[in-house]
Amino acid sequence: MKFSDKRAFIKLMSLLLAAENRMLGPYSHLTGFTGPMTEQDKASSSRCYTFSPRYTDLDTWRHVNNSRIYQLHQEARVRAHVSRFGQDAWFSDDARLRPVRSITDYRQVSWYGSDIDARISVTACDEDSFRVYSELHQNGVLVGTQDCLMGAFEDGRRIALPADIQQVMVDASTGSAAPLAPADYRDHLYHAHNFAIRQQLTPRYADVDADSQRSEAALALYMEQARSTGVRQLDFAGLGVLVASVDVSFEHYQAGWTPLELAAGISRIGNSSFLFTSCALHKDEVQVSARSVMVVIDPTTNRPVPISPALREQLEAWFI
């Protein structure tokens with residue numbers, strides 16, 4: 001896509017979003033999301049929130065960056081937790097609730113200048129974990145979902161859920177969670193040192209959260225960095241690529257200031273998609289890993305297209 005075409009496309013989308021906002025006006029509740037929570041919302045198992053994308057959330061294609069979309073799901077989770085456990089529930093000096101695994105689907109592109117509405121609910125709970133499911137909508141369109149398996153951590157290791165938290169989550173659960181598919185991409189991690197794509201990363205102060213741990217957001221960003229390092233090396237010959245889904249497994253959240261090693265490779269190649277498997281190694285041990293579903297598209301139509309022989313050859317060189 002030529003730059004002039006992209007600029008015109010962005011301008012058109014901005015105008016359409018602004019027009020939709022004006023048309024919805026006081027009838028925005030018809031989309032199914034209302035922003036401020038009603039008494040009915042508080043009594044239900046689901047929670048609803050409204051977020052405004054920031055200029056700093058945008059990427060080079062001028063839409064909301066995937067990692068920022070991930071952080072909106074995280075923000076909805078934290079706010080829902082605070083609504084159930086009190087104003088100070090966003091931090092802890094004892095057991096800390098963190099994702100064990102998250103599966104984020106990116107269904108549509110999100111844009112600046114229009115609010116994003118989130119709905120989140122607890123879908124399952126047992127002794128050592130619970131599941132939460134969140135949806136993001138922009139102008140009534142479903143733009144993303146996340147299925148998150150939450151666990152409790154203390155001193156860098158998994159523990160059982162605190163009894164008070166488990167009871168609240170059991171009561172809130174809809175019981176609608178389907179079994180998670182196995183995180184079989186983790187089977188490749190024993191030889192992560194041999195992955196073709198490697199990069200050293202220096203931890204930043206901004207990577208530490210309010211509990212002085214490596215933050216969930218930072219670990220998700222590490223996986224984006226590992227993925228993008230590979231993508232930038234590929235010659236797509238005019239084609240484009242989109243991230244359709246990212247499955248992340250978190251081993252622990254312990255912070256550290258020594259450099260991390262990012263490693264990535266290709267675990268599968270389909271007709272128009274391929275799978276990146278990536279991880280971050282801290283002190284030679286995996287701290288986080290991910291499988292990213294990448295879809296090759298024609299930029300003029302935004303539709304999937306077959307992977308060309310030349311691109312397939314490049315990807316095959318990175319097989320793990």
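At a glance:
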{"item": "Within the chain, longest stretch free of exposed chymotrypsin sites (Phe, Trp or Tyr not before Pro) [DSSP loop, at most 15 other beta carbons within 10 Å]", "result": "92-256"}
{"item": "Contact order normalised by residue count of the chain, Cα under 8 Å, 6+ apart, percent", "result": "15 percent"}
{"item": "Inter-probe distance in nm under a simple model that places probes 7 Å from Cα toward Cβ, at Asp164 and Asp211", "result": "1.5 nm"}
{"item": "DSSP bridge pairs, the chain: antiparallel proportion in percent, nearest 5", "result": "100 percent"}
{"item": "Calculated [θ] (222 nm, deg cm²/dmol) that DSSP helices of n ≥ 4 give over the chain, each run adding -39,500 (n - 2.57)", "result": "-8000 deg cm²/dmol"}
{"item": "For Thr300, Thr50, order by how many other beta-carbon atoms lie within 10 Å, fewest first", "result": "Thr300, Thr50"}
{"item": "Distance between the stretch 275-320 and the stretch 160-231 - C-alpha centres, whole angstrom", "result": "18 Å"}
{"item": "Scattering profile of the chain at q = 0.11, 0.16 Å⁻¹ [log10 I(q)/I(0), Debye over alpha-carbon scatterers]", "result": "-0.75, -1.46"}
{"item": "GNM result for the chain, Cα springs below 10 Å: residue of Arg227, Arg204, Arg214 fluctuating most strongly", "result": "Arg204"}
{"item": "Ranked list, fewest to most other Cβ atoms within 10 Å of each Cβ, for Leu149, Leu242", "result": "Leu242, Leu149"}
{"item": "Positive dipole terminus of the chain, leading residue within Thr301, Ala152, Trp61 (C-beta point charges)", "result": "Thr301"}
{"item": "Difference of contour (0.36 nm per residue) and Cα-Cα distance, Gln254 to Thr145", "result": "36.5 nm"}
{"item": "Over the stretch 260-320, relative contact order from alpha-carbon pairs under 8 Å, at least 6 apart, %", "result": "33 percent"}
{"item": "Most mobile listed residue (Asp93, Asp128, Asp147) in the chain, GNM with C-alpha springs under 10 Å", "result": "Asp93"}
{"item": "Cα-centre dipole for the stretch 78-234 with unit charges at Cβ (Lys and Arg positive, Asp and Glu negative), debye to 20", "result": "660 debye"}
{"item": "Given charges at beta-carbon only (K, R positive; D, E negative), |dipole| of the stretch 36-151 in Debye", "result": "240 debye"}
{"item": "Gain in span if fully extended, His193 to Leu242, counting 0.36 nm per residue against the direct Cα distance", "result": "15.0 nm"}
{"item": "Dipole moment magnitude, nearest 20 debye, the chain about Cα centre, only Lys, Arg, Asp, Glu C-beta charged", "result": "1140 debye"}
{"item": "Sorted peptide list for 162-168, 260-266, 177-183, criterion being average Cβ within 10 angstrom, highest first", "result": "260-266, 162-168, 177-183"}
{"item": "Extended-chain gain in nm, criterion 0.36 nm per residue less alpha-carbon gap, Phe319 and Asp115", "result": "69.4 nm"}
{"item": "Kirkwood hydrodynamic radius (C-alpha pairs) into Stokes-Einstein, the stretch 181-320, 25 °C and 0.890 mPa s, D in µm²/s", "result": "158 µm²/s"}
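Readers should treat all values here as calculations from the given coordinates under stated rules, not as data from a laboratory. In this text, all values refer to a predicted model and were calculated from it rather than measured experimentally. Every residue, glycine as well, gets a Cβ built from its backbone with ideal geometry; the counts of neighbours run over all protein chains shown.
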